[in-house]
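First comes the structure, then the notes that go with it.
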Amino acid sequence: MEDQPSEVLMRGLLRAYYWMDESLQNGLVEAGFEPRTRTQTMILINISNGITRAAELARVLGVSRQAIQQQINELERDELVTQIPDPDDRRANRIVFSERGSQLINAALTALREAEQALAMRLGYDHVRHLREALTADWGEVIGGTHPRGRKRSLGERSGRETTPPAQAGGYPPSPGEATAPGGSDDASDDRSTGS
């Protein structure tokens, strides 16, 4: 076996996620939007990937349904999302983007593409291409086969069915040939709160 690097990969992935998220938030501010909490960012990413029920969002993000609903209510107050009756389940609502939310997603896509371009110029286009390939490759089954006891979610186990990984880096509506990196926050609020 090759020598193991001293840096644990997960630390690097988190650092990369924070760098992309801060770049995203700065891009949103430049476009005239308020910055979002990391949890709200993850909710918006998942909604754009087709996860539109609060209970499912809670499972994927590993937080309580109440915590997710509180964040959804704030996003709705800010006119970024709206809740509509779910045609498949009368007891549930689906969360969809409002017109302003769609504008935010477009601004987010621009900010993320600019961040990726800056990263490629700093690290080199080949490094970023290899990074994208590694992050979008099929990593196979989770080590150990299931999520740890007491853990609320696993991406491949939503409602007992296989899922397709999110479709694009940054998690927004896919462009041909793009895919997302895993990530998220286990806390319904974080230190980059916008007044909540």
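The values are calculated or read from the model by the stated rules, or taken from the named source; none is laboratory data. Just so we're clear, the structure is a prediction, and the values are computed from it rather than from any experiment. Here Cβ is always computed from backbone atoms with ideal geometry, including for glycine, and neighbour counts include all displayed protein chains.
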* Exactly one of (1) loosely packed, with under 12 Cβ neighbours inside 10 Å; (2) at pLDDT 95 or above is unmet by D21. Its number? -> (1)
* With the condition kept exactly as written, say whether any residue in the range 113-130 is part of a loop (DSSP other than H, G, I, E, B), under 19 Å from the mean Cα position of the chain (by Cα) and not aromatic (F, W, Y). => no
* **Residues that are surrounded by 17 or more Cβ atoms within 10 Å (Cβ to Cβ) and farther than 30 Å from E30 by Cα, drawn from the range 105-149** => none
* Structure fact -> Wholly inside the range 1-93, helices (runs of 4 or more DSSP H) that include 3 or more residues that are in contact with a strand residue (DSSP E or B) (Cβ under 7 Å, 6 or more places away or on another chain) are 65-77
